[in-house]
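Shown next, in structure tokens, is the structure this report addresses.
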Amino acid sequence: MIEVKGIMMAKSKYYVIWVGKSPGIYTSWAECQDQVNHMRDAKYKSYDSKLEAEKAYKEGWKLHWGQGQKAKPKPGNSKPAASGNLADIDYDSISVDVGTSGNPGPVEYKGVDTRTGEVLFAVGPVNKGTNNLGEFLAIVHALAYLKKQGSTKTVYSDSVNAINWVKKKAVSSTLERDASTVEIWALVDRAVRWLQTNSYDNKVAKWETRAWGEIKADYGRK
């Protein structure tokens, strides 16, 4: 993300497609997805700058895809960098995201089919909440939705905090419980109870925004 006069805006991405329906360089995830969907041998990767993308496209996939796709970790950082290869995405999944107007402020969330973008459920706006609480509710809603269907699909969220809360089956928020937050806390308490009384086999995974672009459920308000 980049900040312009206090407003957070999504950083541009460039998607190089070496092997796809129409090889080239694309500037949106949607265009890239259209070119590689249902192509088993598609080869593509995202870059942060147009110059990097043009250079990689000219040099060919053998230098940049496969072994060359993972960035080397920085000294002292044992966590590997996220792969820029969009083939790492599990498209047979649900992606969730939250839309807020202020933090805290009105909150809404939705879950979509990662492959098609079809909205599967949407809730809100709730009068007052936070981004992390909204993400938490979205993940739990997706898990409950999939459990009813008997599905073990993956659930993607771009919120590390919310994913950790789901794993711990408890939230840690500084949002006060008062008259203005009754609605959001009622939903959160219900979601926590669901986690504590239900089991699931679904993987809850972090959507790697830097490598893959904005999550499919993104509200476009960043």
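The values are calculated or read from the model by the stated rules, or taken from the named source; none is laboratory data. All values reported here derive from a predicted model rather than from experimental measurement. Here the Cβ positions follow ideal geometry from the backbone for every residue, glycine too, while neighbour counts run over all protein chains shown. Ligands, DNA and RNA are stripped out before the accessible areas are found, and what is left, the full protein with its side chains, is counted by its heavy atoms. Shrake-Rupley method; radii C 1.70, N 1.55, O 1.52, S 1.80 Å.
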Item to check | In the range 199-220, the residues that are at negative phi and exposed (fewer than 12 other Cβ atoms within 10 Å of the Cβ) | outcome: S199, D201
Checklist entry - When both residues are 6+ apart or on different chains and their Cβ atoms are under 7 Å apart, which pairs have a first residue that lies in the range 24-35 and is touching a residue at least 40 places away in the same chain (Cβ under 8 Å), and a second that is aliphatic (A, V, I, L, M)? => result C32/I17; C32/L86
Checklist outcome for this item: In the range 100-145, anything open to solvent by 40 Å² or more (accessible area, probe 1.4 Å), in a strand (DSSP E or B) and acidic (D, E) is listed as E108
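Tell me whether the range 157-172 contains one or more residues that are over 16 Å from D113 (Cα atoms), among the charged types (D, E, K, R), in contact with a strand residue (DSSP E or B) (Cβ under 7 Å, 6 or more places away or on another chain) and open to solvent by 20 Å² or more (accessible area, probe 1.4 Å).
Of all residues in the range 157-172, those over 16 Å from D113 (Cα atoms) come to 159-172.
Subset that is among the charged types (D, E, K, R): 167-169.
Restricting the remaining residues to those that are in contact with a strand residue (DSSP E or B) (Cβ under 7 Å, 6 or more places away or on another chain) gives none.
No: zero hits.
Take Y200 and decide whether it is within 24 Å of Y15 (Cβ to Cβ), assigned to a loop (DSSP other than H, G, I, E, B) and in contact (Cβ under 8 Å) with a residue 24 or more places away in the chain.
Numbers: within 24 Å of Y15 (Cβ to Cβ): no; assigned to a loop (DSSP other than H, G, I, E, B): yes; in contact (Cβ under 8 Å) with a residue 24 or more places away in the chain: yes.
Considered against the rule, which asks whether it is within 24 Å of Y15 (Cβ to Cβ), assigned to a loop (DSSP other than H, G, I, E, B) and in contact (Cβ under 8 Å) with a residue 24 or more places away in the chain, Y200 comes out as no.
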Next on the checklist: Checking K167 against (1) among the basic types (K, R); (2) part of a helix (DSSP H, G or I); (3) at pLDDT below 95, only one condition comes out false. Which one?
Outcome noted: (3)
Checklist outcome for this item: Conditions (1) modelled with pLDDT of 95 or more; (2) under 17 Å from L175 (Cβ atoms) -> I94 fails only (2)
Next on the checklist: Given the condition at pLDDT 95 or above, part of a strand (DSSP E or B) and in contact with a strand residue (DSSP E or B) (Cβ under 9 Å, 6 or more places away or on another chain), answer yes or no: does some residue in the range 146-155 qualify?
Outcome noted: yes
